[in-house]
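The values are calculated or read from the model by the stated rules, or taken from the named source; none is laboratory data. From a predicted model like this one, the values you see are computed outputs, not experimental measurements. Cβ atoms come from the backbone with ideal geometry, glycine included; neighbour counts cover every protein chain shown.
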Amino acid sequence: MKKIILVEDETYIREEMIQMLIDAEYDAYAITDFVNVSEQILAKDADLIMLDINLPNASGFEICRDIKHKSSVPVLVLTSRDEMSDELKALNLGADEYLTKPCRKERILARIANVLKRYEGRNNMLEGEGILLDRNTYTLYIDGNSVILPKNQGKMLEVFLLHSDNIVTKEELSMAIWGTTEYIDENALQVNIVRLRKNLKNLNMKQRIEAVAGKGYVMRDD
């Protein structure tokens, strides 16, 4: 059963939508605490996020951007905002679908089914500019070819892809590779970074990893 998380602050609409999803045989969960929404969503390991834009605290735009930086889960925006600029902004932030309220339930369910179908088999895939990374096997797909990365390099590339253009700290890389931040082996970390950089260069990838003094590393398109 596919799990869908609904982020909607209007109580009546939220209850109506949750019942609609349950009737359609989805495992539906509603966010009701609008503090740290992104963290709540990521902790639920959902198959789809249904997201309003006008929310308390962080807007749906901010939440969409944050989720897409950290996860490949699809996002369907369902909002009363019907301006083209809002739709384009949401799509540019990574939203997979945009619907305006009010909307017939048949249309909503059809769009949900379409998005889920598009993502079948891609739950374990991370996408970057011109590349795909299988998070299970650390197989990297690029230009019609594939290569299996060494485990540590695969784990680091996964973290960089999840953070997009954001800085990745040494603690985050240490947690990804060794599962701890209690002691960071700077030399071992640097060796792994050098090896990953070399592999990216040998594969003629557009991405490069740069050091950010005192903060960590960032992966940018070349």
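What is the residue count in the stretch 91-116 for residues that are over 14 Å from residue 49 (Cβ atoms) and under 17 Å from the mean Cα position of the chain (by Cα)?
The number of residues fulfilling the criteria is 2.
Kindly provide the set of residues from the stretch 22-59 that are among the hydrophobic types (A, V, I, L, M, F, W, C) and without any contact (Cβ under 8 Å) to a residue 40 or more places away in the chain, ordered by number. Before the answer, list the steps.
Kept after step one, since they are among the hydrophobic types (A, V, I, L, M, F, W, C), are these residues of the stretch 22-59: 22, 24, 28, 30-31, 34-35, 37, 41-43, 46, 48-51, 53, 55, 58.
Answer for the stretch 22-59, where residues must be among the hydrophobic types (A, V, I, L, M, F, W, C) and without any contact (Cβ under 8 Å) to a residue 40 or more places away in the chain: 22, 28, 30, 31, 34, 35, 37, 41, 42, 43, 53, 58.
Among the residues of the stretch 147-199, count how many are on the phi > 0 side of the Ramachandran plot and either part of a helix (DSSP H, G or I) or in contact with a helix residue (DSSP H, G or I) (Cβ under 9 Å, 6 or more places away or on another chain) (or both).
Number of matching residues: 1.
Considering only residues that are among the aromatic types (Phe, Trp, Tyr) and over 18 Å from residue 74 (Cβ atoms), look in the stretch 1-41 and name the one that is farthest from the chain's Cα centre (by Cα).
Here is the first cut: in the stretch 1-41, the ones among the aromatic types (Phe, Trp, Tyr) are 12, 26, 29, 34.
Filter again for over 18 Å from residue 74 (Cβ atoms), leaving 12, 34.
Values: 12: 29, 34: 19 Å.
The extreme case among them is 12.
When the stretch 21-72 is examined, which residues are found to be β-branched (Val, Ile, Thr), within 26 Å of residue 161 (Cα to Cα) and surrounded by fewer than 21 Cβ atoms within 10 Å (Cβ to Cβ)?
Within the stretch 21-72, the first condition is being β-branched (Val, Ile, Thr), and the residues that meet it are 22, 31-32, 35, 37, 41, 49, 53, 63, 67.
Retained after the next criterion (residues that are within 26 Å of residue 161 (Cα to Cα)): 35, 37, 41, 49, 53, 63, 67.
Scanning the stretch 21-72 gives a single hit, 35.
Could you check how many residues of the stretch 73-104 are crowded, with 16+ Cβ neighbours inside 10 Å and of a type in the set (A, V, I, L, M, F, W, C)?
So the answer is 9.
Does at least one position in the stretch 151-165 carry a residue that is in contact with a His (Cβ under 9 Å, 6 or more places away or on another chain), charged (D, E, K, R), under 30 Å from residue 92 (Cβ atoms) and modelled with pLDDT under 90? Let's see the steps before the verdict.
Residues of the stretch 151-165 in contact with a His (Cβ under 9 Å, 6 or more places away or on another chain): 162-165.
Those left that are additionally charged (D, E, K, R): 165.
After this cut, where a residue has to be under 30 Å from residue 92 (Cβ atoms) as well, the list is 165.
Imposing the further condition that a residue be modelled with pLDDT under 90 reduces the set to 165.
The answer is yes; a qualifying residue exists.
Name the single residue that is nearest to residue 127 (Cα to Cα) among those in the stretch 202-212 being at pLDDT below 90 and surrounded by fewer than 12 Cβ atoms within 10 Å (Cβ to Cβ).
Here the answer is 204.
Here are the criteria: (1) of a type in the set (Gly, Ala, Ser); (2) at pLDDT below 90; (3) farther than 28 Å from residue 137 by Cβ. Tell me which single one residue 72 does not satisfy.
(3)
Restricting attention to the stretch 153-201, report how many residues are touching a residue at least 60 places away in the same chain (Cβ under 8 Å) and either in contact with a Cys (Cβ under 8 Å, 6 or more places away or on another chain) or surrounded by fewer than 15 Cβ atoms within 10 Å (Cβ to Cβ) (or both).
1
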